[in-house]
Amino acid sequence: MRPFSLPLLMLGAALAALAADTPPERMLGFSPARVAGQRALEQRFDAALDPAELKEWMRRLSARPHHLGSPYGKDNAEFIAAQFRSWGFDTKIEEFRVLFPTPKTRVMEMVAPTPFRAALAEPALKEDATSDQAAEQLPVYNAYSVDGDVTGDLVYVNYGVTRDYEELERRGIDVKGKIVLARYGGSWRGIKPKVAAEHGAVGCLIYSDPRDDGFFQGDVYPRGPYRNDTGAQRGSVADMPLYPGDPLTPGIGATPEVALSRAKTLTKIPVMPISYGDALPLLKALGGPIAPEAWRGALPVTYHLGPGPAKVHLKLAFDWKLVPAYDVIARLAGGERPDEWVVRGNHHDAWVNGAEDPISGLVALMAEAKSVGALHRAGWTPKRTIVYAAWDGEEPGLIGSTEWAEAHDAELQKKAVAYVNSDSNGRGFFQVQGSHTLEKFINEVARDVADPETKVSVAERLRARRIAVGNEDEKEERKDIRDRADLRIGALGSGSDYTPFLQHLGIASLNIGFGGENGNGIYHSIYDSFAHYTRFNDPTFEYGVALAKVGGRTVLRLAEADVVPFEFTAFADTLGRYVKEVSKLADDMREKTEEDNRLARDNTLVLAADPRERFVAPRAKEAVPFISFAPLQNALARVRESAKALDQARAARGDRPLSPETQRALDEVLTHAEQALTRPEGLPVRPWFRHQVYAPGYYTGYGVKTLPGVREALEQRDWKAAEEQAAVAARTLEGFAAQIDRATALLEKT
């Protein structure tokens with residue numbers, strides 16, 4: 001052995017002294033003594049991840065169409081269940097019988113001024129080996145459209161949202177008795193027929209304009225990743241903002257043989273998606289005023305509004321049948337706290353082959369589960385029970401997850417610590433939304449996973465992205481991003497399987513994934529295939545592995561923490577933004593109403609309009625009164641005080657360990673904090689949605705409405721309801737603060 005020199009001995013002593021003065025590493029929910037062990041566990045977890053396995057699982061799972069009720073959908077469920085069993089999970093398939101209509105008749109034809117019949121089909125491509133499976137493919141259609149046989153003049157309505165109809169009204173255009181043509185985007189697809197029916201339309205067509213996901217964005221498939229002129233977007237148009245899941249059985253697990261009349265979420269008018277190739281002749285035939293500039297797409301035609309002279313005949317009929325939904329549920333029992341569950345899910349059904357949506361996310365979940373199983377076989381057992389789920393029927397309306405959550409509602413509300421969701425995945429930036437009680441926790445996870453391409457953490461790359469895409473009007477936001485230790489996470493609306501857990505049961509939830517650098521022009525088409533994904537999305541599956549690392553750490557830390565890692569100052573900070581927003585919304589509406597009424601009173605808009613164009617001056621609106629948000633502001637102050645007091649109690653305790661009994665008691669209190677943000681009565685008009693802070697918008701679908709009772713009452717100009725809902729939200733927040741206080745009392749007591 002080479003002898004140490006004196007300088008090296010002195011250096012070693014100095015480093016030892018420095019190490020002794022270095023504070024122990026922190027990890028939310030863990031005592032400092034356990035952090036190193038947890039990191040070692042996660043390194044072992046990472047070592048078992050193999051991108052080649054993700055690729056082969058995708059090849060197998062996306063080999064044939066596997067929609068809800070299909071033979072290959074069942075085959076996939078059985079394959080996934082077999083994998084989980086081989087990895088050591090207690091696995092079963094839970095079956096529900098649910099309503100899922102498929103088309104019998106699809107006719108869309110222009111009958112004037114010239115005849116044209118839409119193809120309503122996507123041809124096979126030689127570059128895509130699975131695109132020729134016509135016998136198994138669901139045709140282009142919208143699930144939960146009603147049957148119908150209607151003919152009417154055509155009106156182009158842009159994205160078909162409420163403000164678009166206001167613009168048509170100003171131009172003297174009425175859609176009553178007519179068929180509307182809307183382009184995808186601007187809101188969730190189910191909102192378009194909903195709003196059209198409210199305005200008297202008898203039918204609705206939805207097409208994908210190339211400006212949004214076709215040649216305007218880049219090369220089209222098969223040369224590039226974007227939608228070609230025959231590609232069309234299937235999808236559900238059920239009124240999911242009313243309730244998701246089986247349309248026949250809201251609030252309970254699906255049961256067979258329920259009358260179709262019980263389905264409250266079906267459309268009121270027939271609706272059909274078409275390609276932009278089929279939409280072009282319709283747009284060419286339209287007359288009437290030229291569409292506003294913002295309404296114009298990228299097709300080689302002048303966009304007119306109508307009505308007519310294009311007249312369309314739409315005939316649809318469906319097979320209204322019950323089909324089986326197969327949820328794969330795999331459990332790894334916790335050794336210390338088996339009645340506390342960490343639930344992790346991704347759906348397995350697709351509209352057709354679904355390589356990106358959802359298999360890209362599912363194979364990452366499977367990689368997680370296999371690695372967790374390997375840890376267990378090597379002698380490790382989680383403190384808490386881990387539940388992995390592969391849901392069926394997400395595409396038609398979050399059916400599998402909703403029915404399972406409704407069937408097990410009492411057990412989940414008692415035992416579920418958190419729900420972690422993923423869906424599609426691709427190359428690019430980390431994407432996360434969720435309960436802000438988990439914001440600090442998921443930031444810690446994101447700082448510990450490296451981005452495959454840049455090698456910095458996925459949190460650091462996301463921070464750079466958010467700063468880079470800002471503009472001069474967003475200086476305050478950029479400053480917030482730079483100065484704030486944690487990145488803000490988005491709030492959850494709807495659109496994937498977290499909805500029943502968070503917004504119905506009040507279980508804290510996260511939605512995670514990667515994307516933003518791969519073109520997604522084949523969404524819900526036959527071209528969402530293994531061939532497309534491995535060319536344009538994540539060819540090396542390194543972002544699949546990155547998702548597995550994020551998901552795995554999230555699950556492992558939730559399962560292994562001494563105390564569940566909820567933190568409330570981030571929630572209080574974000575809540576303050578929401579309270580400020582609804583107050584500003586009322587003020588902005590008041591100012592705008594005053595200005596609009598003045599313009600109408602002074603005849604300004606009429607004088608400014610082109611006399612040769614029809615213009616209907618808007619009617620004066622009711623003035624916006626001053627609404628008292630004092631209860632809401634007082635409740636916000638209470639939440640802030642409670643969150644701060646809990647932080648102080650944690651700091652005062654320092655590194656002193658908690659007894660197992662106190663840890664369990666804290667788990668009980670902290671886990672149920674999110675449930676304190678729900679009300680059994682739910683939201684106005686839609687009681688299924690119980691959460692008072694997060695909900696999908698009644699007229700946005702996927703898009704979130706925060707403090708939804710208050711915000712939507714304001715948007716609907718129901719001033720009395722807005723004030724009442726502010727008081728309701730305030731009482732809910734007071735109860736939430738009281739729940740935080742219980743955790744503080746437990747810490748102070750010990």
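A compact table of results
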item	result
Apportionment of accessible area to carbon and sulfur, region 488-585, percent (1.4 Å)	51 percent
Cross-link reach list, lysines versus Lys414, counting only Cα pairs under 18 Å and skipping chain neighbours closer than eight places	Lys383
Accessible surface of region 271-315, 1.4 Å probe, proportion on carbon and sulfur as whole %	54 percent
Region 677-717: relative contact order as a whole-number percent, Cα under 8 Å and 6+ apart	28 percent
Span from the region 63-92 Cα centroid across to the region 425-494 one, whole angstrom	34 Å
Residue-level accessible surface for Asp588, protein heavy atoms, 1.4 Å, Å²	60 Å²
Charge dipole of the chain about the Cα centre (unit charges at C-beta), most positive-ward option of Val312, Ile93, Ala651	Ala651
By average C-beta atoms within 10 angstrom, highest first, the peptides 164-173, 57-66, 593-602, 343-352	343-352, 57-66, 164-173, 593-602
Table column - 3J(HN,Hα) (Hz), region 546-561, Karplus curve with 6.51, -1.76, 1.60, x for Gly and Pro	4, 5, 4, 5, 5, x, x, 5, 4, 5, 5, 6, 5, 6, 9, 4
Three-way shape call for region 138-206 based on the alpha-carbon gyration tensor, with the a/c threshold at 1.5	oblate
Residue-wise HN-Hα coupling along region 700-711, computed from phi with Karplus coefficients 6.51, -1.76, 1.60 (Hz; x: Gly, Pro)	10, x, 6, x, 7, 10, 8, 6, x, x, 6, 4
Surface share of carbon and sulfur [accessible, 1.4 angstrom probe, percent] for region 375-470	48 percent
Cross-link pairs beyond the 29 Å C-alpha cut-off, checked among Lys92/Lys415; Lys592/Lys705; Lys192/Lys549; Lys549/Lys644	Lys192/Lys549; Lys549/Lys644
Reachable lysines, given that their alpha-carbon falls under 20 Å from the alpha-carbon of Lys284 and they are not under 8 places away in the same chain	Lys178, Lys311
Heavy-atom accessible area per residue - the chain, 1.4 Å, Å²	39 Å²
Helix-derived mean residue ellipticity, 222 nm - over the chain, DSSP H n ≥ 4, -39500 (n - 2.57), to 500	-12000 deg cm²/dmol
Rounded, prolate or oblate (a/c below 1.5 giving rounded, otherwise prolate when a/b exceeds b/c) for region 407-536 by Cα gyration tensor	oblate
Among Ala232, Phe216, Val271 - extreme Cα towards positive end, dipole of region 209-278, charges at beta-carbon	Val271
Unit charges at the beta carbon, dipole of the chain: most positive-side option, Asn518, Val624, Ala721	Val624
Residues whose placed amide H lies under 5 Å from that of Thr102, excluding near-sequence neighbours	Asp319, Lys321
Backbone HN-Hα couplings from phi across region 209-222 [Karplus 6.51/-1.76/1.60, Hz, Gly and Pro as x]	6, x, 4, 8, 8, x, 5, 5, 8, x, 4, 8, 5, x
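The values are calculated or read from the model by the stated rules, or taken from the named source; none is laboratory data. Bear in mind that the values here come from a model prediction, so they are computed numbers and not experimental data. Virtual Cβ from ideal backbone geometry, glycine too; neighbours counted across all protein chains shown. For accessibility, only protein heavy atoms count, side chains too; no ligands or nucleic acids. Shrake-Rupley method; radii C 1.70, N 1.55, O 1.52, S 1.80 Å.
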